[in-house]
Amino acid sequence: MRRSIVNDPDQLVPEALEGFVLSHPGRLALDAEHRFVRRAEPARDKVGLVSGGGSGHEPLHAGFVGPGMLDVAVAGAVFASPTALQVLEATKAADSGRGVVQIVKNYTGDVLNFRIAGEISGDDEVETEIVLVDDDLATDTADGGGPGRRGTAATVIVEKICGAAAEEGQDLAAVADLGRRVAASARTMSLALAAGTHPGDEEPQFSLGDDEVELGVGIHGERAARRVPFTTADGLTDLLLDPLLEELDLSRGDELLAIVNGLGGTYPLELNLVARRLHRRLADAGMSVGRSLVGSYVTSLDMHGVSLTLMPLDAELTRLWDAPVATPALSW
Amino acid sequence: MTRSPSTDTTLPDDLGPAFVTALQGALEDAAPALGDLDRRAGDGDFGDNVRTAMKNLARELESAEPEDYRGWVTAMSRAWLGVGGTSGPLFGMFYRDLAKAAGDGEAPDLGALAEALEAGQAVIQKYGEAEVGDRTMVDALAPAVVALREAAQAGKAPAEALAAAEQAAIEAARGTAELTARRGRASYVGETAKGVMDPGACAMGLVVGALRVAVEADGGEVAADWIE
């Protein structure tokens, strides 16, 4: 069994938000009633950026609140959407008069509550645009039916690129268009060696044999479509990289943005092995990792696993990625 | 809408508080029964959702006493928008349209109320992507809208028109026991939901019942004994 560092499981999220904001004095502020984290010093005269979703994906989303990225991040319970009312109040808090881009991971509950909050915020004359992030290649169905690809680690890229565009004064439509362009071109594959465990639960969300790997997991501990044999770090990396390279229309000379992302229970050393294999394989194919993040940015509680996100770079996206950012989880 | 000119279609000035407090009492009383239906034919969270909504409503009303019909019904809307799942945001949007039946400081007349109910049905169907017969709250609302419109067109008095709408909603909510879910959480349990009324449709029956109670001179309490 797994034990958790928790007081009352029902109070896990509000207590965690309180601790997080207390740890960043002068930079973050908390709306305890509606459970959102905002910049302590609200930005003026720029397009607002709000994101959010279920908890359990930390540092997403509150870790990306600050200059150059989000204005407000709103938190639901573990793996559950925030309510429409929370999103509404968070959206209003993100507005400084030039409209708000809502960055939403593609899950039914999140999409419903953000769409509704977007419609209602019109009553207060807050203009909104939704950018849907749906980068998970494992849930790409050819027939286009069903809820579509899930939103995963590419959310970090969307938040960073939109954040930079908003900071340099671009308007609502332009910021949303950039976000949609990122979402359309970034793809992610994920695998797990062990599922995460809900705080307060004793058993993980699913169990795997010692020789098994769950290929194509999302970030909510749901089972994947495929179970494949366990292998080395290089072999595991290839399981993620091969379908991505097949999906993205790449050619020699292309420069890519990569996120090698731990899913919550993965050691940094392990992630560096994945990064090493990624660099070598792309170099062999005449391509390069132009920019990258290696670390745990979008997690699934304490899942032991890794996701790989790739997106082709161009001059504009590179400039916006390189723009200054000062948030608890991303800063340069 | 054509109306008989001799019929008074105005609704009581206190429609807002009368409707919201009648519905508050009815939902609080029915929460255990609604939760029980959802445990038998859904994911079991609807009773808790109703309780959360009523707790939110009490907080909304405590923080500022609404001034008019629109304010009272908006408090009910915000109460439900603060509830998770799918039923919370859908009921929230429904009450938001119901609130729009009257301008500031006014109560709606019967025609405006009927149109608002119809708009509320449309918004639920837009976001919930449910059709009549899918075993959802829409199943009780749609026939109530039709009955109210027909009664109003026939020149019936408001209390009589809303009584007809309530009857239509209750009958349809009872009828959901024979339907197989395509939308809503009950869609996951399929045939095992047979014989169990849809709790969302039942709650919608209480909504129309509370409107009837609020309009009648001595409407008494909202009937809820049909939910089982």
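Listed here are the residues, each with its yes/no results for (1) over 14 Å from the mean Cα position of the chain (by Cα); (2) within 21 Å of B:Val215 (Cα to Cα).
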{"residue": "B:Leu37", "(1), (2)": "yes, no"}
{"residue": "B:Val50", "(1), (2)": "no, no"}
{"residue": "B:Arg59", "(1), (2)": "yes, no"}
{"residue": "B:Pro66", "(1), (2)": "yes, yes"}
{"residue": "B:Met76", "(1), (2)": "no, yes"}
{"residue": "B:Tyr95", "(1), (2)": "no, yes"}
{"residue": "B:Glu106", "(1), (2)": "yes, yes"}
{"residue": "B:Ala114", "(1), (2)": "no, yes"}
{"residue": "B:Leu117", "(1), (2)": "no, yes"}
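Here's the yes/no breakdown for (1) closer than 15 Å to A:Gly76 by Cβ; (2) touching a residue at least 40 places away in the same chain (Cβ under 8 Å); (3) not β-branched (Val, Ile, Thr):
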residue	(1), (2), (3)
A:Ala94	no, yes, yes
A:Gly99	no, yes, yes
A:Thr108	yes, no, no
A:Glu119	no, no, yes
A:Glu127	no, yes, yes
A:Asp135	no, yes, yes
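Among the residues of the range A:54-75, those identified as within 17 Å of A:Ser331 (Cα to Cα) and either assigned to a loop (DSSP other than H, G, I, E, B) or basic (Lys, Arg) (or both) are A:Glu58, A:Pro59, A:Leu60, A:His61, A:Gly66, A:Pro67, A:Gly68, A:Met69, A:Asp71. Beta carbons closer than 7 Å, at least 6 apart along the sequence or on distinct chains, pair a first residue in the range A:15-35 that is at positive phi and in contact (Cβ under 8 Å) with a residue 24 or more places away in the chain with a second that is open to solvent by less than 70 Å² (accessible area, probe 1.4 Å) and among the polar types (S, T, N, Q) for A:Arg35/A:Gln86. Within the range A:55-70, is even one residue without any contact (Cβ under 8 Å) to a residue 60 or more places away in the chain, closer than 27 Å to A:Val133 by Cβ and aliphatic (A, V, I, L, M)? There is no residue in the range A:55-70 that is without any contact (Cβ under 8 Å) to a residue 60 or more places away in the chain, closer than 27 Å to A:Val133 by Cβ and aliphatic (A, V, I, L, M). Is it fair to say A:Glu119 is surrounded by fewer than 21 Cβ atoms within 10 Å (Cβ to Cβ) and within 14 Å of chain B (Cβ to nearest Cβ)? The answer is yes for A:Glu119. Count of the range A:21-53 residues, restricted to those that are assigned to a strand (DSSP E or B) and farther than 15 Å from A:Val156 by Cα, is 9.
Mind listing whichever residues of the range A:122-137 are surrounded by 19 or more Cβ atoms within 10 Å (Cβ to Cβ) and either farther than 16 Å from A:Ala176 by Cβ or of a type in the set (S, T, N, Q) (or both)? The answer is A:Thr128, A:Asp135, A:Asp136, A:Leu137. B:Thr10 falls short on exactly one of the conditions (1) open to solvent by less than 40 Å² (accessible area, probe 1.4 Å); (2) touching a helix residue (DSSP H, G or I) at 6+ places or on another chain (Cβ under 9 Å); (3) away from chain A (no Cβ under 14 Å), and that condition is (1).
Here the condition is being over 22 Å from A:Leu301 (Cβ atoms), assigned by TED's automatic domain parsing to the domain that holds A:Thr128 and of a type in the set (Lys, Arg); of A:Arg27, A:Arg35, it holds for A:Arg27 alone. When you scan the range A:5-27, do you find a residue that is within 13 Å of chain B (Cβ to nearest Cβ), aliphatic (A, V, I, L, M) and surrounded by 19 or more Cβ atoms within 10 Å (Cβ to Cβ), even just one? So far as the range A:5-27 goes, yes, one or more of its residues are within 13 Å of chain B (Cβ to nearest Cβ), aliphatic (A, V, I, L, M) and surrounded by 19 or more Cβ atoms within 10 Å (Cβ to Cβ). Considering the range B:95-107, and only residues there that are of a type outside the set (Asp, Glu) and open to solvent by 10 Å² or more (accessible area, probe 1.4 Å), the residue that is farthest from the other protein chains (Cβ to nearest Cβ) turns out to be B:Ala107. Among the residues of the range B:68-94, those that are among the aromatic types (Phe, Trp, Tyr) and more than 9 Å from every other protein chain (Cβ to nearest Cβ) comprise B:Tyr69, B:Trp72, B:Phe91, B:Phe94. The condition of being crowded, with 21+ Cβ neighbours inside 10 Å and either at pLDDT below 95 or not in a helix (DSSP H, G or I) (or both) does not hold for B:Met204. For the range A:275-290, the candidate set comprises residues that are open to solvent by 70 Å² or more (accessible area, probe 1.4 Å) and in contact with a helix residue (DSSP H, G or I) (Cβ under 9 Å, 6 or more places away or on another chain); within that set, the residue that is nearest to A:Glu255 (Cα to Cα) is A:Arg280. Taken together, the residues in the range A:193-232 that are β-branched (Val, Ile, Thr), more than 25 Å from the chain's Cα centre (by Cα) and either part of a strand (DSSP E or B) or modelled with pLDDT under 90 (or both) amount to 1.
When each of A:Glu316, A:Glu246 is tested for being open to solvent by 40 Å² or more (accessible area, probe 1.4 Å), closer than 23 Å to A:Leu178 by Cβ and at pLDDT 95 or above, the lone residue that passes is A:Glu316.
Among residues of the range B:108-150 being open to solvent by 20 Å² or more (accessible area, probe 1.4 Å), more than 23 Å from B:Ala79 (Cα to Cα) and not in a helix (DSSP H, G or I), the one that is farthest from the other protein chains (Cβ to nearest Cβ) is B:Asp109. The residue that is most open to solvent (accessible area, probe 1.4 Å), among those in the range A:249-274 that are under 13 Å from A:Ser296 (Cβ atoms) and part of a helix (DSSP H, G or I), is A:Leu269. Scanning the range A:46-53 turns up one or more residues that are more than 16 Å from the chain's Cα centre (by Cα) and either modelled with pLDDT under 95 or charged (D, E, K, R) (or both).
In the range A:93-116, of all residues being of a type in the set (D, E, K, R) and more than 13 Å from chain B (Cβ to nearest Cβ), the one that is surrounded by the most Cβ atoms within 10 Å (Cβ to Cβ) corresponds to A:Lys105.
The values are calculated or read from the model by the stated rules, or taken from the named source; none is laboratory data. Keep in mind it's a predicted model, so treat the numbers as computed, not measured. Neighbour counts run over all protein chains shown; Cβ positions are idealised from the backbone, glycine included. Heavy atoms of the whole protein, side chains included, go into the accessibility calculation; ligands, DNA and RNA do not. Shrake-Rupley method; radii C 1.70, N 1.55, O 1.52, S 1.80 Å.
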